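Report on the structure given below.
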Amino acid sequence: MTRAWTRATADDPLDGLRDRLTAADCGHEPTDGYEDHCWLLTPLYDETGARHRWRDVLDRAGTRLADRPRPFSYLTLEGVEGADALEGVMGGEIERATLTALVPHLARHSPAGETTPCGAAQAPVTNSPGVPLGADPEPVDDLIAWRGPLADAPAHHDTAPHHCFPATWWAADGSWLVLTNVDLSATEVFGSGALVADLLADPELEAVRAPTLAETFGG
């Protein structure tokens with residue numbers, strides 16, 4: 001049986017990422033150290049629960065994903081006919097079905113497979129989308145971090161009480177890093193070329209190649 005990750009101690013260096021994670025309010029995006037990267041678009045659902053791909057929604061409206069605003073957020077679908085009736089556009093955290101499909105890929109491209117030790121962190125964001133209205137959030141003057149095996153990522157998603165799934169999580173050995181910026185509706189995956197190729201080929205995921213946030217904004 002899997003279980004939620006455990007809270008990291010305040011003195012845990014988080015595999016050398018603590019300073020960068022603390023400074024990254026919306027999640028840490030690496031600018032080097034990984035061979036390749038891609039985006040996983042947050043699935044869209046209509047009122048019947050049917051799933052729709054971003055490309056299909058845009059195709060029906062006579063436009064293309066490549067021609068829409070980036071990075072991938074509600075602005076990408078703003079003004080697109082039919083998009084207002086779909087859930088998932090606001091995003092802000094990795095969606096459960098996407099997480100479930102992603103974990104086996106990460107395991108195959110990690111030396112320790114599903115037992116790969118992971119770190120995860122949520123920067124001190126006061127308006128975290130995972131905090132219910134009226135709830136008393138945890139203090140926001142410190143980084144919130146966790147440790148646990150890769151296989152427990154879905155269980156952590158299911159049991160986190162007031163915060164959304166951590167914006168940034170990674171393999172402790174540096175094999176890969178995953179970022180869902182809290183302002184966006186897509187997830188970035190950084191890792192080997194083979195990992196990214198597998199994600200792009202998976203029909204359960206809407207994986208696309210697009211510039212990183214740093215490349216988009218020239219940072």
request  = Would you tally the residues in region 141-196 being closer than 17 Å to Gly16 by Cβ and among the acidic types (Asp, Glu)?
outcome  = 1
key: Residues (modelled with pLDDT under 90 and more than 19 Å from Phe165 (Cβ to Cβ)) located in region 1-22   = Met1
key: In region 47-77, residue farthest from Val182 (Cα to Cα) [restricted to those that are in a loop (DSSP other than H, G, I, E, B), open to solvent by less than 40 Å² (accessible area, probe 1.4 Å) and touching a strand residue (DSSP E or B) at 6+ places or on another chain (Cβ under 9 Å)]   = Leu77
query = Out of all the residues in region 19-46, which are part of a strand (DSSP E or B) and either in contact with a Pro (Cβ under 9 Å, 6 or more places away or on another chain) or open to solvent by 70 Å² or more (accessible area, probe 1.4 Å) (or both)?
reply = His37, Trp39
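Conditions tested, residue by residue: (1) within 17 Å of the chain's Cα centre (by Cα); (2) of a type in the set (S, T, N, Q); (3) under 22 Å from Asp198 (Cβ atoms).
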| position | (1), (2), (3) |
| --- | --- |
| Ala10 | no, no, no |
| Gly33 | no, no, yes |
| Leu44 | yes, no, no |
| His52 | no, no, no |
| Asp59 | no, no, no |
| Arg64 | no, no, no |
| Glu81 | no, no, no |
| Glu93 | yes, no, no |
| Ala101 | yes, no, yes |
query = Within region 78-122, which residues are open to solvent by 30 Å² or more (accessible area, probe 1.4 Å), within 26 Å of Trp5 (Cα to Cα) and among the aliphatic types (A, V, I, L, M)?
reply = Met90, Ala97, Ala112
query = Pick from region 181-219 the residues that are modelled with pLDDT of 95 or more and of a type in the set (S, T, N, Q): which of them is nearest to Gly113 (Cα to Cα)?
reply = Ser192
note = Looking across region 141-156 at residues that are of a type in the set (Asp, Glu) and part of a loop (DSSP other than H, G, I, E, B), the single one that is nearest to Ala107 (Cα to Cα) is Asp142
query = When only residues in region 29-66 that are without any contact (Cβ under 8 Å) to a residue 24 or more places away in the chain and among the acidic types (Asp, Glu) count, which is farthest from Val89 (Cα to Cα)?
reply = Asp32
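The values are calculated or read from the model by the stated rules, or taken from the named source; none is laboratory data. No experiment lies behind these values; they were computed from the predicted model shown. Because the Cβ atoms are built from the backbone with ideal geometry, glycine has one as well, and the counts that use them run over all protein chains shown. What goes into the accessible areas is simple: the full protein's heavy atoms, side chains included, and nothing from ligands, DNA or RNA. Shrake-Rupley method; radii C 1.70, N 1.55, O 1.52, S 1.80 Å.
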